[in-house]
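Visitor: Structure incoming, see below.
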Amino acid sequence: MKIGVLALQGSFHEHQAILQTLGVQVVQVRLPQELDGLDGLIIPGGESTTIGKLAVDFNLLQPLQQFGKEHAIWGTCAGSIFLSKDAHRQQPLLSLMDIQVERNAFGRQVDSFETDLEIPVLQSVSKEKPLFHCVFIRAPLIEKVGTGVEVLAKLPDGRIVAARQGHLLATSFHPELTEDARFHQYFLEVVQ
Ligand code: GLN
């Protein structure tokens with residue numbers, strides 16, 4: 001399996017490292033032709049406005065939209081914003097996933113936090129209890145999901161932080177910043 005990691009800005013090295021421990025071939029994507037032959041793509045966390053602007057400058061916006069019509073894409077944090085249809089602001093978005101997000105929903109950098117959440121779908125990759133350590137860094141919330149979007153994880157107060165729409169996956173948090181590869185394994189299941 002060959003998975004791309006959008007490598008314009010943000011935590012792409014961390015995603016690459018986890019994928020490599022799973023024996024997957026990884027390609028850093030900065031140019032449209034680097035999408036050729038990929039089975040799936042991860043858009044890392046970072047800063048969604050920066051990722052969007054660089055995607056425009058590198059002529060990647062349309063090729064990414066085309067790729068996402070037929071292939072799996074997983075956006076983590078800023079990546080989930082970039083995947084969304086609506087982030088309440090004017091910024092380049094892929095508009096692939098029918099979710100509305102609120103950027104920086106938890107406040108400023110100092111309000112970043114970590115917590116264990118139950119993510120039942122992880123039981124498909126491991127018999128462990130489906131608790132996952134979630135790292136939120138100036139994270140967005142998934143405020144609204146369209147029909148056909150499955151909610152994968154919520155905070156204890158019910159706010160949505162992970163969702164799936166067919167072959168598209170969005171998480172507000174950063175599985176690439178933990179040692180736990182289960183979410184990446186789950187993405188590989190989505191890819192297949
Ligand atoms: N705050 C960033 C944004 O709005 C996302 C932060 C992150 O990816 N950790 O794009």
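Visitor: Provide the FRET efficiency to the nearest 0.05 for the residue 1-residue 65 pair, computing r from the beta carbons and using R0 = 35 Å.
Guide: 0.95
Visitor: Starting from a Cα-only point model with no solvent, please compute log10 I(q)/I(0) by Debye for segment 134-192 at q = 0.13 1/Å.
Guide: Relative scattering, expressed as log10 I(q)/I(0), comes to -0.34.
Visitor: Would you work out which of 125, 105, 151 lies farthest towards the positive end of the dipole of the chain, given +1 charges on the beta-carbon of Lys and Arg and -1 on that of Asp and Glu, about the Cα centre?
Guide: Comparing the listed Cα positions along the dipole, 105 ranks first.
Visitor: Accessible surface of residue 111 in the full protein assembly, 1.4 angstrom probe, to the nearest 10 Å²?
Guide: About 70 Å², ignoring ligands and nucleic acids.
Visitor: Another question about this same structure. Given the C-alpha centroids of segment 147-192 and segment 6-47, what is the distance between them in whole angstrom?
Guide: 17 Å
Visitor: So, one more: In the Gaussian network model of the chain, springs joining C-alpha atoms below 10 Å, which of 107, 158, 75 carries the largest mean-square fluctuation?
Guide: So, out of 107, 158, 75, the one fluctuating most is 158.
Visitor: Continuing with this model, one more query. Just to be sure I follow the rule: in the chain, considering lysines 8 or more places apart or on different chains, how many pairs have Cα atoms under 25 Å apart?
Guide: 11
Visitor: On each of the three principal axes of the Cα atoms of segment 123-163, give max minus min coordinate, whole Å, ordered largest first.
Guide: Extents along the principal axes: 30, 27, 16 Å.
Visitor: For the chain, what Kirkwood radius comes out of the mean inverse Cα-Cα distance, in Å?
Guide: Across the chain, the inverse of the average 1/r is 16.2 Å.
Visitor: Starting from one equal scatterer on each C-alpha and no solvent at all, send me the Debye-based log10 I(q)/I(0) for segment 97-152 at q = 0.20, 0.22, 0.27, 0.29 Å⁻¹, two decimals.
Guide: The Cα Debye sum returns log10 ratios of -0.89, -0.97, -1.03, -1.05.
The values are calculated or read from the model by the stated rules, or taken from the named source; none is laboratory data. Being a predicted model, the structure only gives us computed values, none of them experimental. In this analysis, Cβ positions are derived from the backbone assuming ideal geometry, glycine residues included, and neighbour counts consider all displayed protein chains. For the accessible areas, the whole protein counts, side chains as well, though only heavy atoms, and no ligand, DNA or RNA atoms are used. Shrake-Rupley method; radii C 1.70, N 1.55, O 1.52, S 1.80 Å.
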